[in-house]
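So the structure is just underneath, and the comments pick up after that.
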Amino acid sequence: DAAPVRTEMADIVVVGSGAAGFTAAMEAHARGVKNIVILEKMPIPGGNSQLAAGGMNAAGSVYQKAKGIQDSPELMAKDTMKGGKNISNPDLVKIFAEDSAESIQWLKDRGAELENVAQGGGASAPRMHGPKGGKAVGPYLSAFFRKEIEKLPGVDLRLNSRLVKLITGPD
């Protein structure tokens, strides 16, 4: 019931600065949105993505093709379902697998190279993508996203900032 200290307006408010939040803000900016606020409750950006150590799974990526690795979204979906004891939503798993190489390409196009490809547990093919040198993928991508966001005018990353109340509607 506390009164707000201040009221602000934004075109888009992104809650969380993990990979999904940063990607949403970058895509919104690329599509012309210029007043974007990213709220992160923690004192550092990255969310749970910051903790990712293994790699980013993708089937049919440019890095796999360059190394001659035979893989497909269908095989990745099959492995993912098996790893999830077949209780995952198969429609979502299919989308995840089919769009995975595009996600790797999106990052590559913006300068985040995930060229190290390794085979993770339960995978039928090497598809775990990470930065060269064996660095953990989470901290690498978190640093990349933060650097990219800092370049974008009109994107305001706020750390130590919990969303308490969001009012939506016309003006």
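The values are calculated or read from the model by the stated rules, or taken from the named source; none is laboratory data. Since we're looking at a predicted model, the values are computed, not measured. For neighbour counting, all protein chains shown are included, and Cβ atoms are generated from backbone atoms with ideal geometry for every residue, glycine included. When the accessible area is computed, the model is the full protein with side chains, heavy atoms only, and any ligands, DNA or RNA have been set aside. Shrake-Rupley method; radii C 1.70, N 1.55, O 1.52, S 1.80 Å.
So which of GLY60, GLY21 ends up being closer than 18 Å to TRP106 by Cβ, at pLDDT 95 or above, in a loop (DSSP other than H, G, I, E, B) and open to solvent by less than 30 Å² (accessible area, probe 1.4 Å)?
On the way: GLY21 fails: in a loop (DSSP other than H, G, I, E, B).
Being closer than 18 Å to TRP106 by Cβ, at pLDDT 95 or above, in a loop (DSSP other than H, G, I, E, B) and open to solvent by less than 30 Å² (accessible area, probe 1.4 Å) holds for just one of GLY60, GLY21, which is GLY60.
Which of the following residues is surrounded by 15 or more Cβ atoms within 10 Å (Cβ to Cβ), of a type outside the set (Phe, Trp, Tyr) and assigned to a loop (DSSP other than H, G, I, E, B): VAL33, VAL14? Spell out the reasoning first.
Details: VAL14 fails: assigned to a loop (DSSP other than H, G, I, E, B).
Checking each option against the conditions leaves just VAL33.
Within the stretch 82-103, is there a residue that is touching a residue at least 40 places away in the same chain (Cβ under 8 Å), part of a helix (DSSP H, G or I) and among the hydroxyl-bearing types (Ser, Thr, Tyr)?
yes
More than 11 Å from ASP156 (Cα to Cα), in contact with a strand residue (DSSP E or B) (Cβ under 6 Å, 6 or more places away or on another chain) and among the β-branched types (Val, Ile, Thr), is that true of VAL33? Break it down into steps so the answer makes sense when it comes.
Details: more than 11 Å from ASP156 (Cα to Cα): yes; in contact with a strand residue (DSSP E or B) (Cβ under 6 Å, 6 or more places away or on another chain): yes; among the β-branched types (Val, Ile, Thr): yes.
Here the answer is yes, as VAL33 does meet what is asked.
State yes or no: is ALA28 open to solvent by less than 60 Å² (accessible area, probe 1.4 Å), over 18 Å from TYR140 (Cβ atoms) and assigned to a helix (DSSP H, G or I)? So that I can check it myself, show each step before the final result.
Working: open to solvent by less than 60 Å² (accessible area, probe 1.4 Å): yes; over 18 Å from TYR140 (Cβ atoms): yes; assigned to a helix (DSSP H, G or I): yes.
Criteria met by ALA28.
Count, please, the residues in the stretch 130-160 that happen to be under 20 Å from LYS34 (Cα atoms) and either open to solvent by 100 Å² or more (accessible area, probe 1.4 Å) or in a loop (DSSP other than H, G, I, E, B) (or both). Write out each step before concluding.
First pass over the stretch 130-160, keeping only residues under 20 Å from LYS34 (Cα atoms): 145-159.
Adding the requirement that they be either open to solvent by 100 Å² or more (accessible area, probe 1.4 Å) or in a loop (DSSP other than H, G, I, E, B) (or both) leaves 147, 150-154, 159.
Adding up the residues that qualify gives 7.
Which of the residues spanning the stretch 133-171 are without any contact (Cβ under 8 Å) to a residue 40 or more places away in the chain and among the hydroxyl-bearing types (Ser, Thr, Tyr)?
Once the filter is applied, which keeps residues that are without any contact (Cβ under 8 Å) to a residue 40 or more places away in the chain and among the hydroxyl-bearing types (Ser, Thr, Tyr), the stretch 133-171 yields TYR140, THR168.
Does any residue in the stretch 24-43 that is over 20 Å from LEU107 (Cβ atoms) come within less than 7 Å, Cβ to Cβ, of a residue that is among the basic types (Lys, Arg) and modelled with pLDDT of 95 or more six or more places away or on a different chain, and which pairs are these?
Taking only residues 6 or more apart or on different chains, the pairs are VAL37/ARG158; LEU39/ARG158; GLU40/ARG158.
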